[in-house]
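Everything on this sheet refers to the single structure shown next.
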Amino acid sequence: VQLAGQEHFDAVLAKDSRVEPKDWMPDAYRRSLVRQISQHAHSEIIGMQPEANWITRAPSLKRKSILMAKVQDEAGHGLYLYSAAETLGTTRDEMMDALVAGKARYSSIFNYPTVTWADMGAIGWMVDGAAICNQVPLCRASYGPYGRAMVRVCKEESFHQRQGFEILLELANGTAEQRAMAQDAVNRWYAPSLMMFGPPDDDSPNSKQSMAWNIKRFSNDELRSRFVGMLVEQVKVLGLTLPDDQVRFNEESKTWEHGPLDWDEFKEVLAGRGPCNAQRLERRRTAHEEGAWVREAAVAYHQKQQDKQKA
Ligand code: 3HC
């Protein structure tokens, strides 16, 4: 018997299978996916700015070319994710307009400044490391296009994380000044990267439903704890320290615990009052305006191809 509508949807989730674009789905499921996937895409695009800030000032040709490749990857991740969101009925223009108008969320982490070269290492190691912790489970998200986009993104994220780790390793084994620069970057990026995973579970309004829909597989605190466990091991190899003397493994709960995070700061950043929110949006607006001619040319070219086919 061909199940229809809600029954079919529930059966697909019960089998932990995939919902595809042409399948019936509850409006709330569709809306929550557009919310999350468009935010994810915006995060990738805005995330290009803090790193692009150092492309012209990279310390060597090797570092410059690696950083350029990484920033280009982020643009590609944004495009995969905008395309996945479009399969749910929203349009690229709607998402772009919302971002440029300052009405769309993107990851809090990209509203912090990149003040030294070592920040390129801390972002790669910690921010992309956090992204991997968050994105690997999303490869199994119930919505097909989202889960499949994540598989390709995760492969590229591991390159991003490794190149960041290598930058920090080189600095940590360099002069005392370079070592201090690496430690300073780790100190500044540690708490914001833990907050990337979202608010504490008891303050996470979307989690319960998102987990019921097999979109979110693990809670914000669970992934944050896993991330801390990863940092603890890897920071030893760097010969640096985490700016948190409360990190410890809880034998009963089998989870990594960490010091308190500043959720007021998090809320300020989400409200648009973080250190770099205004400049990130201004840069995005300018890039969008300056790029209008590219979009017009692409549309004109497409129209010409259409007319040729008709002729
Ligand atoms: N930055 C901005 N907003 C955040 C946030 C963050 N770090 N964490 C949570 N929020 C927002 C949520 O969007 C939600 O607001 P909304 O209802 O208006 O959308 C609110 O805070 C409450 O949070 P919830 O925990 O209830 O929300 P979610 O269930 O959506 O969980 C999330 C938040 C874990 C970020 C989830 O949305 C998610 O997994 N998103 C996909 C992954 C993602 O966006 N990663 C961002 C990093 S981009 C990146 O990694 C680039 C890489 O190349 C460096």
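Tabulated data for the structure shown
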| read-out | value |
| --- | --- |
| Relative contact order (%) - criterion: Cα under 8 Å, at least six apart; region: the chain | 18 percent |
| Helical contribution to [θ] at 222 nm, DSSP H n ≥ 4, -39,500 (n - 2.57), averaged over the chain, rounded to 500 | -21000 deg cm²/dmol |
| Max mean-square fluctuation residue, GNM over the chain, Cα-Cα springs under 10 Å, options A185, A292, A75 | A292 |
| Computed lengthening from H8 to Q246, 0.36 nm per intervening residue step minus Cα-Cα distance | 80.9 nm |
| In nm, spacing of pseudo-spin labels at E282 and E166 (7 Å Cα→C-beta vector) | 3.5 nm |
| Two-site FRET efficiency, K22 against M68, from Cβ-Cβ distance with R₀ of 45 Å, rounded to 0.05 | 0.70 |
| Kyte-Doolittle mean at least 1.0, axial Cα span of 24 Å or more - DSSP H helices of the chain | none |
| Pairwise label distance in nanometres, A292 with K155, each label 7 Å out on the Cα-Cβ vector | 3.8 nm |
| Computed magnitude of the charge dipole of the chain (debye, nearest 20; Cβ of K, R +1, Cβ of D, E -1) | 1040 debye |
| Per residue, in Å², the accessible surface of the chain once ligands and nucleic acids are set aside, probe 1.4 Å | 50 Å² |
| Sites matching GluC sites (Glu not before Pro) across the stretch 221-311 that sit in DSSP coil, with at most 10 neighbouring C-beta atoms within 10 Å | E251, E252 |
| Share of carbon and sulfur in the accessible heavy-atom surface of the chain [1.4 Å probe, %] | 56 percent |
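The values are calculated or read from the model by the stated rules, or taken from the named source; none is laboratory data. Computed from a predicted model, the values in this text were never measured in an experiment. So basically every Cβ, Gly included, is an ideal-geometry build from the backbone, and we count neighbours across all protein chains shown. Quick note on the areas: whole protein, heavy atoms, side chains included, nothing else; ligands and nucleic acids left out. Shrake-Rupley method; radii C 1.70, N 1.55, O 1.52, S 1.80 Å.
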